[in-house]
1. Any chance you could count how many residues in the stretch 214-254 are in contact with a Phe, Trp or Tyr (Cβ under 8 Å, 6 or more places away or on another chain) and either part of a helix (DSSP H, G or I) or open to solvent by 50 Å² or more (accessible area, probe 1.4 Å) (or both)?
2. Restricted to the stretch 79-118, and to residues that are of a type in the set (Gly, Ala, Ser) and modelled with pLDDT of 90 or more, which residue is surrounded by the fewest Cβ atoms within 10 Å (Cβ to Cβ)?
3. Provide a single number: the residues in the stretch 209-263 that are among the small types (Gly, Ala, Ser) and closer than 24 Å to MET336 by Cα.
4. Determine which single condition LEU321 fails, assuming it passes every other condition in (1) open to solvent by less than 80 Å² (accessible area, probe 1.4 Å); (2) modelled with pLDDT of 95 or more.
5. Starting from the stretch 61-83, keep only residues that are in contact (Cβ under 8 Å) with a residue 60 or more places away in the chain, then list their pairs with residues that are open to solvent by less than 40 Å² (accessible area, probe 1.4 Å) and part of a helix (DSSP H, G or I) whose Cβ atoms are within a distance under 6 Å, requiring at least 6 positions of separation or different chains.
6. Hey, can you tell me all the residues within the stretch 324-345 that are open to solvent by 40 Å² or more (accessible area, probe 1.4 Å) and either assigned to a helix (DSSP H, G or I) or of a type in the set (A, V, I, L, M) (or both)?
7. Within the stretch 138-155, is there a residue that is open to solvent by 60 Å² or more (accessible area, probe 1.4 Å), modelled with pLDDT under 95 and closer than 30 Å to SER101 by Cα?
8. Tell me which residues, restricted to the stretch 255-304, are closer than 14 Å to ALA222 by Cβ, open to solvent by 60 Å² or more (accessible area, probe 1.4 Å) and not hydrophobic (A, V, I, L, M, F, W, C).
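The values are calculated or read from the model by the stated rules, or taken from the named source; none is laboratory data. Not measured: the values here are computed from a predicted model. When we count neighbours, we look across all protein chains shown, and the Cβ atoms used for this are built from the backbone with ideal geometry, even at glycine. Accessible surface areas use protein heavy atoms only, side chains included; no ligands, DNA or RNA. Shrake-Rupley method; radii C 1.70, N 1.55, O 1.52, S 1.80 Å.
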Amino acid sequence: MASILVSSSEKFSGKSSICMGLGKIFRDKGYAVGYMKPVGNLLIDVHGSLTDEDAESIKEMLGLDDPTKLITPIHLTDSLIDDALTGVKKDLDERLLEAYSIISEDKDVVFVEGTGGIGGGAMYGLSDPEIASKLQTKMLLVTRFDSIYAIDRILCDLRIIQDSKILAGIILNEVPADMMERVTELVVPFLEKKGIRVFGVIQQDKTLRSVPISEIVEGLRAEVLVGADRLEEFVDNYLVGAMEAGSAIKYFRRIPNSAVITGGDRADIQMAAIETRVKCLVLTGNMLPSGAVLASAEEANIPVILVRGDTMTTIERMEQLMGHAHIKQKVKLDRMVELLERNVDLKSIAESIGLKF
């Protein structure tokens with residue numbers, strides 16, 4: 001049985017989507033695939049049981065039958081942290097190894113997802129390198145290449161790992177389009193001279209960063225005024241309507257597939273957004289728009305949602321939603337698979353853990 005732990009330099013680097021994409025690719029190759037996220041840090045309630053949001057999504061998208069309590073045997077709760085700080089001994093290693101033993105039964109390969117950044121969990125002995133050591137598996141490091149300083153993060157990660165043999169290689173993820181040439185021609189050779197194997201470079205992709213309107217409604221705790229039948233459409237960006245209407249029309253037209261956030265009292269901005277066929281209209285301040293605005297939006301098939309908070313609070317929440325988009329839709333999973341197959345040396349990843357590809 002082969003396995004690999006997918007770690008990251010920082011939170012929201014794309015390791016969950018890469019775990020999911022690799023799982024589908026290897027499953028389609030005929031391998032029996034398992035998945036674990038040993039320490040759940042994005043906790044949600046599912047049918048009265050605590051579980052990790054990413055783990056639940058991957059279990060569902062890959063059609064896995066393993067119990068959730070084994071996929072995520074340890075939950076990062078305040079109680080766990082307090083026990084670690086006060087020296088209370090827990091059976092964390094036993095829980096980890098027992099769950100891994102059961103998950104790996106009848107599997108050809110198990111993908112293990114790390115917790116947050118690479119050092120997360122160190123206070124209770126479950127950082128990514130420690131988990132990899134206990135499970136006797138190699139690590140795949142995913143780094144979001146948002147700036148040249150990502151190189152420093154990678155080199156610091158190597159010091160955290162300590163044993164260089166444990167690192168199979170890295171994937172540079174979400175590279176901005178204007179940095180691709182520099183990354184492939186300068187950064188990759190630099191890292192390889194340092195003995196770091198680069199399996200692939202993936203450019204930023206708008207499909208993966210997009211969010212369905214339904215998630216915006218849920219995330220903002222909004223009320224849907226019109227367009228309830230179009231909530232599964234995707235939004236690529238958000239714009240703030242805080243200018244005069246003439247400028248707003250030019251602004252909205254430059255950036256398609258956007259949600260526009262504006263005050264519920266700005267009928268001029270609302271009509272400008274509808275005229276330019278934005279994807280969604282988000283009205284703040286719990287102020288209902290006019291009947292004319294709602295009728296125009298309904299005719300244009302543009303959802304209008306109402307939030308209680310002010311514009312600044314709504315912008316902050318929207319920033320979190322757009323920056324931390326999860327893969328919960330087949331179209332996103334298919335796109336992740338396409339990006340991995342096109343940009344990543346999957347054969348070398350397989351060989352690094354003893355599989356043929």
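1. The number of residues fulfilling the criteria is 1.
2. Ranking the qualifying residues of the stretch 79-118, first place goes to SER101.
3. Final tally of qualifying residues: 5.
4. (2)
5. MET61/MET20; MET61/LEU333
6. Scanning the stretch 324-345 gives LYS330, VAL331, ASP334, ARG335, GLU338, GLU341, ARG342, ASN343.
7. No, every residue in the stretch 138-155 fails to be open to solvent by 60 Å² or more (accessible area, probe 1.4 Å), modelled with pLDDT under 95 and closer than 30 Å to SER101 by Cα.
8. Selection gives ASN286 alone.
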